[in-house]
Amino acid sequence: MPNPPRLNEWLPTALILVVVTVGLRLLALAFDQTDLFVDEVQYWFWGQNLDFGYYSKPPLIGWVIRLVTDLAGSDAAFWVRMPGAVLHGITALILGALAARLIGRAAALWTVALYLSLPFVSLGSVMISTDTIMAPFYAAALLFLFRTADTRRASDALAVGLFAGLAFMAKYAAIYILAGAGLAMIFVPMLRPGWRNLAVMIAGFALVISPNVMWNLSHDLTTVSHTMDNAGWVRHGAKFDLGSLLTFLGSQFGVFGVIPMAALIWAYLRPRTQAHRALVLLSIPAIFVVSVQSLMDKAYANWAIATYFAGTVLVVMVLPRWGRIAALALNGILAVALPVLLILAPWPMSGDKPLLNRYLGRHALSESILTLAEREDLPVVTSNRDILADLFYTGRDRDVALYATPETGRPSSYYAQNFALPEDIAGPVLVVSLGDIPCPGDALEGLVRDGTWSTTELHATRVDAGCLFAK
């Protein structure tokens, strides 16, 4: 690999790009009119109940949100979402350092700029997700993997394992870095770290993830079971749906950007150097595995995000200058439009609904439920994860007891697992239900159904708690 440029040759300019971009995104976030989405309030709630694992994800996102909100002294939506823009800014700098090491100064700056403009980064900067928490650690593991190939130092190898472990503690999709690194070590001689350093990497990774492994073992492999549910075909058989595969692959042009995705495919087809081939092998496992998943059952667009950390450097490596400019310009339209839409919500309208309808009306419904529960002096019970998640967030300073509907068998959510209605509660409760009312009782008025709930059949009913256990 070529001698990398000194930090002062690219980092000051890169820092200006990052500070300006992140600053503008945080400014827009301060005026955001949307509600926290169901996943965001769930992550916040995990942070109120610190643990080494949770129902559907590893724990790091809950820890990060708890740290930020405690330091800020506020649980406002701004502080819940604030880490997103900052962490993606840090990721851009780390990938810039990787590009500087592999290609040079100009590539470092282009990598920083391109990464900041990517559609999934623009979205992840205004709505907190596990992908965003994973990003800087995944990028750092890639950087130190290449550093280890150069320096052969055990300290760099340890950093690979530690950062890969932290990425895994943010999202299990970080496992793709192990697959990619393994392939790269096999097929790209320059990336082989030596047996000692490989052992150090593995030991560092195992050390970091061990608390979550132990948590899963002591909680009936809850997160593993949820992951198998997401895979679908593991439990219910494969569908071999070509349409699902094509839909997923098409969605990646929206996740990574039209020009970057086209350039990435080209980069996969024409590896030129050992560094190029290594980046291909580090990038391709995630999109390959998730493509197979989409053929077998279903796959969400963000499941292959791990592809695009090494992929961003690859794109800069193969795109000519005019292509980089075009990619930035096209991505920049969405990067500007998204925060503007968040600020202007509920405008614009799409038909008879706001364009961002699914991110509106959640807190208004929760406020109406909490007010109704206080008026009737009743605990609230619901089986709907979306409603219950927002109730815990919106009602964090209200003296209203909140429970999930009791279930039999494996719990269907974090709330059913940990906050199911206790059997020793007797008397009336306020049940909020969608569609059918689970038990006979007295209908109560007062639910506010705006935004995402505007066309949903919702009921508030005073029922006897014992009826819910008879179901």
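The values are calculated or read from the model by the stated rules, or taken from the named source; none is laboratory data. Source: prediction; values computed, not measured. Counting neighbours? That spans all protein chains shown, and the Cβs are built from the backbone with ideal geometry, glycine included. These area figures cover heavy atoms from the full protein model, side chains too; ligands, DNA and RNA do not enter into them. Shrake-Rupley method; radii C 1.70, N 1.55, O 1.52, S 1.80 Å.
Looking only at the range 110-152, residues that are closer than 30 Å to residue 69 by Cβ, hydroxyl-bearing (Ser, Thr, Tyr) and touching a helix residue (DSSP H, G or I) at 6+ places or on another chain (Cβ under 6 Å) come to 7 in all. You will find that of 186, 175, the residue that is surrounded by fewer than 22 Cβ atoms within 10 Å (Cβ to Cβ) and more than 25 Å from the chain's Cα centre (by Cα) is 186 and no other. Out of curiosity, is residue 152 over 15 Å from residue 100 (Cα atoms), in contact (Cβ under 8 Å) with a residue 40 or more places away in the chain and charged (D, E, K, R)? Yes; evaluated as a whole, the condition is true for this residue.
If you go through the range 153-164 and pick out every residue that is out of contact with any Ser or Thr (no Cβ under 6 Å at 6 or more places or on another chain) and surrounded by fewer than 23 Cβ atoms within 10 Å (Cβ to Cβ), you end up with 6.
Select from the range 2-23 the residues that are part of a loop (DSSP other than H, G, I, E, B) and exposed (fewer than 15 other Cβ atoms within 10 Å of the Cβ) and write down the one among them that is modelled with the lowest pLDDT. Within the range 2-23, the match that is modelled with the lowest pLDDT is 2.
Of all residues in the range 302-326, those satisfying the criterion of being assigned to a helix (DSSP H, G or I) and open to solvent by 40 Å² or more (accessible area, probe 1.4 Å) are 302, 303, 317, 321, 322, 324, 325. Criterion first (within 28 Å of the chain's Cα centre (by Cα), among the basic types (Lys, Arg) and closer than 19 Å to residue 452 by Cβ) does residue 410 satisfy it? No: the conditions fail for residue 410. Does residue 80 satisfy the condition of being open to solvent by less than 70 Å² (accessible area, probe 1.4 Å), part of a helix (DSSP H, G or I) and closer than 25 Å to residue 413 by Cβ? Judged against the criteria, residue 80 is a match. From the list 95, 116, the one residue that fits, being open to solvent by less than 30 Å² (accessible area, probe 1.4 Å), out of contact with any Pro (no Cβ under 7 Å at 6 or more places or on another chain), assigned to a helix (DSSP H, G or I) and closer than 21 Å to residue 276 by Cβ, is 95. When residues in the range 24-58 are screened for being under 15 Å from residue 84 (Cβ atoms), of a type in the set (A, V, I, L, M, F, W, C), in a loop (DSSP other than H, G, I, E, B) and open to solvent by 10 Å² or more (accessible area, probe 1.4 Å), 1 of them pass.
Scanning the range 64-77 for residues that are surrounded by 13 or more Cβ atoms within 10 Å (Cβ to Cβ) and outside any loop (DSSP other than H, G, I, E, B) returns 64, 65, 66, 68, 69, 72, 77.
Take residue 310 and tell me if it is closer than 20 Å to residue 264 by Cα and more than 26 Å from the chain's Cα centre (by Cα). No. Given the structure, is residue 131 acidic (Asp, Glu), open to solvent by 10 Å² or more (accessible area, probe 1.4 Å) and either in a loop (DSSP other than H, G, I, E, B) or within 30 Å of residue 38 (Cβ to Cβ) (or both)? Yes, satisfied. Residues considered: 469, 392. Of these, the only one that is aromatic (Phe, Trp, Tyr) and modelled with pLDDT under 95 is 469.
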